[in-house]
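Undergrad: Pasting in a structure now, in structure tokens, and then I'll have a few things to ask.
The values are calculated or read from the model by the stated rules, or taken from the named source; none is laboratory data. All of these numbers come straight from a predicted model, not from anything done at the bench. Using ideal geometry, Cβ is built from the backbone for each residue, glycine included, and neighbour counts are taken over all protein chains shown.
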Amino acid sequence: MSYKALSSILKILGDSSRLEIIDLLSCGELCACDLLEYFKFSQPTLSHHMKLLINHDLVSSRKEGNKRMYNLNHDILKAVIDNLNTIHLADASCVCKNIQSGECL
């Protein structure tokens, strides 16, 4: 995952309500009505949050009758966690290996 992609996802996750939605969906699929009841959000507010989560592949949605069902994308969250775990380590793949320290003119 590129720094730009990771940064974009972290911006989406920087909202406490969206983090809470992610946490709720970690237990399994939920319908919009369940999320609305939990948060006491207006429907447009929930739609705004879900659109951002879906557009960044953090959540998927499907229609079931007249309900909108939401599911967490565990793979993308694992990729975010894995990337965050690697940026603080100076291993062989670290970008810090691409610079020469102390060789400024």
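Undergrad: Return only the number of the condition from (1) outside any helix (DSSP H, G or I); (2) aliphatic (A, V, I, L, M); (3) modelled with pLDDT of 95 or more that MET1 does not satisfy.
TA: (3)
Undergrad: So which residues in segment 23-44 are closer than 16 Å to LEU77 by Cα and among the small types (Gly, Ala, Ser)?
TA: SER26, GLY28
Undergrad: Quick one: ARG68 ticks every box in (1) in contact with a strand residue (DSSP E or B) (Cβ under 7 Å, 6 or more places away or on another chain); (2) part of a helix (DSSP H, G or I) bar one, so which box is it?
TA: ARG68 satisfies all of (1) in contact with a strand residue (DSSP E or B) (Cβ under 7 Å, 6 or more places away or on another chain); (2) part of a helix (DSSP H, G or I) except (2).
Undergrad: Continuing with the same structure: Just to be sure, is LEU58 surrounded by 13 or more Cβ atoms within 10 Å (Cβ to Cβ) and in contact with a strand residue (DSSP E or B) (Cβ under 8 Å, 6 or more places away or on another chain)?
TA: When the stated conditions are applied, LEU58 passes them.
Undergrad: For SER26, are the conditions met, namely being over 23 Å from GLY65 (Cβ atoms), touching a helix residue (DSSP H, G or I) at 6+ places or on another chain (Cβ under 9 Å) and of a type in the set (Ser, Thr, Tyr)?
TA: Yes, satisfied.
Undergrad: Go through segment 40-65 and give me each residue that's in a helix (DSSP H, G or I) and out of contact with any helix residue (DSSP H, G or I) (no Cβ under 7 Å at 6 or more places or on another chain).
TA: Result: PRO44, THR45, SER47, HIS48, MET50, LYS51, ILE54, ASN55.
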